[in-house]
Amino acid sequence: MIDTGLKGKTALVSGANHGMGAATAVALVREGARVFITYLRRLSEDYGGVEKEAAARASEPGREYYYNILMKSADDVVRTIQEGGGECAVWESDLANPDNIPLLFDRAEERLGPVDILVNNAAFDLCDTFIPPEELAKSPLFVDAYPMKPITAESHDGHFAVNSRAVALMMAEFAKRYIARNAEWGRIINISTDGAYAHPSNVSYGASKLAMESYTRAAAYELGPYGITVNVISPGAVQTGWMPAALKMELEKSYPLRRVGVPEDIANAVVFFASRQADWITGQVLHVGGGNRM
């Protein structure tokens, strides 16, 4: 049996009301950590006017089903953790507002103690493109029914505010408090995408994630002397409810391991990077995608 060394540690996991964040919170608790969860429910109008009632009725993975998940609280995750005997706390917070970041750490410390492990999983994703409107009208969808829109200052800033700026500020806040208390062991794990290098039809999402990867490498260099490792997990396609069955089957045929991911695949990688087994690993991007990118 491997001892990950996580018993008694405090983790802060963002975007943990569903999918990879929720699975990560549960996995860390199972290793003996305490977990503070933050998340933000999205309104249906944030996603192209999906009707809330229609989303609530959806029973199969796809656009409406996924948007219903995004509108949920973290109550189910908290219940799962507590029923398993774990310790957790939660606060709904918009990370696009920089003022919320120190407040988030304040709340985590008040409830569970100083944060040892930071998992930046929260993300904003609305498909944008360089294709002009008149051309886009001929083929306006990314996959399934997810609409694309031409890139604007608003779409750019919305992605970078959460996927890049918030991650940088979360890391800075973590480092400030860590160093102030003379801590000697810390972990930062940032969740990217294997489309970060270039993400056609989702250009601002990919670019904001690539910027986050650059911040990660810089943080790994600067914070290493203090005992903090900083790494990236780059997932392939993970079924968090967004993939309709036909798309899932199509992707599975192209992946060397012949399946798409499940949230637990990413959670397992987070546990590894957080564990003592990864003591001498920092500044790395780990592709967790069934061989989709090598």
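The values are calculated or read from the model by the stated rules, or taken from the named source; none is laboratory data. The structure displayed is predicted, hence computed values, not measured ones. As a convention, Cβ positions derive from the backbone with ideal geometry for all residues, glycine included, and neighbour counts pool all protein chains shown.
Numbers below:
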{"item": "Search result, residues across segment 244-294 that are small (G, A, S) and farther than 16 Å from I117 by Cβ", "result": "A245, A246, S254, G261, G283, G289, G290, G291"}
{"item": "Condition met for A211 (among the small types (G, A, S) and modelled with pLDDT of 95 or more)", "result": "yes"}
{"item": "Of all residues making up segment 148-168, the number that are surrounded by 16 or more Cβ atoms within 10 Å (Cβ to Cβ) and in contact (Cβ under 8 Å) with a residue 40 or more places away in the chain", "result": "14"}
{"item": "Output for segment 28-65, where each listed residue is within 22 Å of the chain's Cα centre (by Cα), of a type outside the set (A, V, I, L, M, F, W, C), at pLDDT 75 or above and not in a helix (DSSP H, G or I)", "result": "E31, G32, R34, T38, Y39, R41, R42, P61, G62"}
{"item": "Checking E134 against (1) modelled with pLDDT under 95; (2) surrounded by 15 or more Cβ atoms within 10 Å (Cβ to Cβ); (3) not in a loop (DSSP other than H, G, I, E, B), the condition it does not meet", "result": "(2)"}
{"item": "Residue match in segment 176-199 (condition: touching a residue at least 12 places away in the same chain (Cβ under 8 Å), β-branched (V, I, T), under 21 Å from K7 (Cα atoms) and outside any helix (DSSP H, G or I))", "result": "yes"}
{"item": "Some residue of segment 256-273 being touching a residue at least 24 places away in the same chain (Cβ under 8 Å), assigned to a loop (DSSP other than H, G, I, E, B) and buried (at least 21 other Cβ atoms within 10 Å of the Cβ)", "result": "yes"}
{"item": "Among residues of segment 228-279, those that are more than 17 Å from the chain's Cα centre (by Cα) and over 22 Å from N68 (Cα atoms), counted", "result": "18"}
{"item": "Qualifying residue in segment 119-128 (condition: at pLDDT below 95, more than 18 Å from the chain's Cα centre (by Cα) and over 25 Å from V230 (Cβ atoms))", "result": "yes"}
